[in-house]
1. Determine the pairs where a residue that is in contact (Cβ under 8 Å) with a residue 12 or more places away in the chain and farther than 11 Å from residue 117 by Cβ, located within segment 72-98, has a partner that is part of a helix (DSSP H, G or I) and of a type in the set (Gly, Ala, Ser) with Cβ atoms under 6 Å apart, the partner being 6 or more residues away or on another chain.
2. For residue 17, state whether it is farther than 29 Å from residue 122 by Cβ and either touching a residue at least 24 places away in the same chain (Cβ under 8 Å) or not in a helix (DSSP H, G or I) (or both).
3. Here is a check on your reading of the model: is residue 102 surrounded by fewer than 17 Cβ atoms within 10 Å (Cβ to Cβ), more than 30 Å from residue 19 (Cβ to Cβ) and basic (Lys, Arg)?
4. Looking at (1) assigned to a helix (DSSP H, G or I); (2) within 19 Å of the chain's Cα centre (by Cα); (3) more than 19 Å from residue 131 (Cα to Cα); (4) not polar (S, T, N, Q), find the lone condition where residue 48 falls short.
5. Would you check which residues across segment 28-40 are closer than 16 Å to residue 100 by Cβ and surrounded by 15 or more Cβ atoms within 10 Å (Cβ to Cβ) and list them?
6. Give me the residue from segment 66-79 that is surrounded by fewer than 17 Cβ atoms within 10 Å (Cβ to Cβ) and of a type in the set (A, V, I, L, M, F, W, C) and, out of that set, farthest from residue 136 (Cα to Cα).
7. Filter segment 1-19 down to the residues that are of a type in the set (Gly, Ala, Ser) and either surrounded by 10 or more Cβ atoms within 10 Å (Cβ to Cβ) or within 18 Å of residue 29 (Cα to Cα) (or both) and list them by number.
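Every number in this text was worked out from the coordinates using simple rules, so none of it is lab data. Worth saying up front: this structure is predicted, and the values here are computed from it rather than measured. Here the Cβ is made from the backbone with ideal geometry for all residues, glycine too, and neighbour counts use every protein chain on show.
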Amino acid sequence: MMLMTVISVLKRSILGAPIPGDFELVEIGSAIAIFCFLPWCQISGGNVLVDFFTSKSSLRSNHLLEAAGDLLFLMIAALLTWRLFHGGTEMREYGEQTMVLRIPLWWSFPIIIPAMTLLVAACAATMIGHIRKART
């Protein structure tokens, strides 16, 4: 995506015309990349954590708060997965396409939905891990 953007900008500067649909390809590629990295980010603990108020709390209470946050994220991820499934199905039924390249929008959903399902599993796993650590 980066290389295509650079080539498109250079082509626009030199020849006066960018790569047709470059923004559509970057948009679809970025969406796929973001959704695919969400489960890894959850498992590795890479999400932003604001611990200003909990920095002096006990380890047990921090794990319980982490478990509560994981539960909330799990519910949001499950809701988004459900709605993405229905949204992708509707996009396929209605034949929605990008404006320039006419790429069917639903094509990215067979990649995004399994990634979101994996995110739900990752949230459940990290929540269980925090609950176990809070018990010890």
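1. Pairs that qualify, where the first residue is in contact (Cβ under 8 Å) with a residue 12 or more places away in the chain and farther than 11 Å from residue 117 by Cβ and the partner is part of a helix (DSSP H, G or I) and of a type in the set (Gly, Ala, Ser), are 74/124.
2. Values: farther than 29 Å from residue 122 by Cβ: yes; either touching a residue at least 24 places away in the same chain (Cβ under 8 Å) or not in a helix (DSSP H, G or I) (or both): yes.
It is true that residue 17 is farther than 29 Å from residue 122 by Cβ and either touching a residue at least 24 places away in the same chain (Cβ under 8 Å) or not in a helix (DSSP H, G or I) (or both).
3. Values: surrounded by fewer than 17 Cβ atoms within 10 Å (Cβ to Cβ): yes; more than 30 Å from residue 19 (Cβ to Cβ): no; basic (Lys, Arg): yes.
Here the answer is no, as residue 102 does not meet what is asked.
4. (1)
5. 28
6. Here is the first cut: in segment 66-79, the residues surrounded by fewer than 17 Cβ atoms within 10 Å (Cβ to Cβ) are 68-69, 71-72, 75-76, 78-79.
Next, from what is left, pick out any that are of a type in the set (A, V, I, L, M, F, W, C): 68, 71-72, 75-76, 78-79.
Values: 68: 17, 71: 20, 72: 23, 75: 26, 76: 28, 78: 29, 79: 32 Å.
Among residues in segment 66-79 that are surrounded by fewer than 17 Cβ atoms within 10 Å (Cβ to Cβ) and of a type in the set (A, V, I, L, M, F, W, C), the one farthest from residue 136 (Cα to Cα) is 79.
7. The first filter runs over segment 1-19 and keeps only residues of a type in the set (Gly, Ala, Ser), leaving 8, 13, 16-17.
Passing the criteria: only 8.
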